[in-house]
Amino acid sequence: GVRFAESVHEEDFLMARRADPYPKLVYLLKGVVQWEMGDGVLRPAVGAGTVWAVPARVPHRFHDLAPATLLLLGISPARVEPGGESTWRDVWRGLVGVAGEGRRLTLDRGARQRVEGAWRRALLEQSHPRIGADVVLRALAADVLVLLARLPAMEAERSSRRRVEAVARELEETFFEPWTVERAAQRAGLSRRRLTALFRDVTGRSLGERVTELRLAHAARLLASGDHAILGAMLSSGFGDASHFYRLFRARFGVSPGRWRAVSAGSSGAS
């Protein structure tokens, strides 16, 4: 169903134009390449951390301007094309778009670490097969696909505002990670200044305010459930300093985290 691989090229290597019968991901681990997908036009060079989603039967090629290492993930068409497994198909469509013409993404450091880690683990599983290897490989492939499908698209034709809206949606699912203006700007392909202005326009908050808002709301939900200790809720929500967390929580909800938990548990018991 899935196959991970690695390809190392010499400088100035020009791959013959090809169109594979299966969809695949191509991740540039090292080097600098020009690329073409579908129309025969070589695009400007890109560097490490770039990933392409290449649909089946779409012509493509790469021209290595510096020695390059590409990581490849081939996927069975039966998984992602019409008539395939609905979950995989929907994730793949979210990655390549409804038109299915392919997509290029530029990953930040955190996303690169996750993608590269998954590939290394997969290559290990393939080279030293053990019980459950097929299950692990499918899980790793699914994790990479979902991660990439949830990132904002980087095509130039997408407006700056739409890219910031995509970052804001991503933030709602990853607020517990170490978000910075630099990370958000890189995600959207914008300058820090442009990202800052558009993010406030889109959300009505600064990036820091929105992160804090989402983290506090999540911590409040965890505490209200009665299943989480204060420290656990704090860490799960992305806070690392207890005094800072207590201060922000009280300012937002008017009571301490402990009081919030106690009152919420009492209300649940009464009902």
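Would you mind working out the magnitude of the charge dipole of the chain relative to its Cα centre, with +1 at each Lys and Arg C-beta and -1 at each Asp and Glu C-beta, to the nearest 20 Debye? List each step's numbers first, then the result.
Details: 41 positive and 30 negative charges, 171 e Å.
With Lys and Arg at +1 and Asp and Glu at -1, about 820 debye.
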- Task: Give me the net charge of ALA19's neighbourhood, meaning all other residues with Cβ under 12 Å from the Cβ of ALA19; Lys, Arg count +1, Asp, Glu -1.
- Result: +3
- Task: Can you send over the carbon and sulfur percentage of the accessible area for the chain, probe radius 1.4 Å, protein chains only?
- Result: 52
- Message: Over the chain, with a Gaussian network built from C-alpha contacts below 10 Å, which listed residue (PRO129, PRO67, PRO55) shows the highest mean-square fluctuation?
- Response: PRO129
- Mind pulling the angle between the C-alpha long axis of helix 192-203 and the longest principal axis of the chain? Nearest 10 degrees, somewhere in 0 to 90. 60
- Query: Excluding ligands and nucleic acids, what accessible area in Å² is computed for LYS24 using a 1.4 Å probe, to the nearest 10?
  - Reply: 20
- Message: Of HIS9, ALA220, VAL181, which is farthest towards the positive pole of the chain's charge dipole, taken about the Cα centre with +1 and -1 on the beta-carbons of Lys, Arg and Asp, Glu respectively?
- Response: ALA220
- Residue of ARG221, ARG112, ARG61 that the Gaussian network model of the chain assigns the largest fluctuation, springs spanning Cα pairs under 10 Å: ARG221
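Would you mind getting the accessible area per residue of the chain, heavy atoms of the protein chains only, 1.4 Å probe, in Å²?
Numbers: 13880 Å² over 271 residues.
Counting only protein heavy atoms, the per-residue value for the chain is 51 Å².
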- Quickly estimate the mean residue ellipticity at 222 nm for the chain, helices only: each DSSP H run with n ≥ 4 gives -39500 (n - 2.57), and the total goes over all residues, rounded to 500. -16000 deg cm²/dmol
- Assigning unit charges at the beta carbon (Lys, Arg +1; Asp, Glu -1) and nothing else, what dipole magnitude in debye, to the nearest 20, does the range 85-145 show about its Cα centre? 200
- Task: Please check which bits of the range 51-92 a label hung off LEU123 would reach, taking the label as a point 7 Å along Cα-to-C-beta and the cut-off as backbone N under 11 Å.
- Result: 69-72
- Message: Could you check the spin-label model distance between ASP227 and ARG93? Points 7 Å from the Cα along Cα→Cβ, value in nm.
- Response: 3.1
- Can you give the accessible area of TRP260 in Å² (nearest 10), computed on protein heavy atoms with a 1.4 Å probe? 70
- Note the angle between two axes, namely the Cα long axis of helix 160-174 and the longest principal axis of the Cα atoms of the chain, as a number of degrees from 0 to 90, rounded to the nearest 10. 60
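The values are calculated or read from the model by the stated rules, or taken from the named source; none is laboratory data. Only a predicted model underlies this, so the values are computations on that prediction, with no experimental measurement involved. Note that we place each Cβ from the backbone using ideal geometry, even for glycine, and neighbour counts take in every protein chain shown. What goes into the accessible areas is simple: the full protein's heavy atoms, side chains included, and nothing from ligands, DNA or RNA. Shrake-Rupley method; radii C 1.70, N 1.55, O 1.52, S 1.80 Å.
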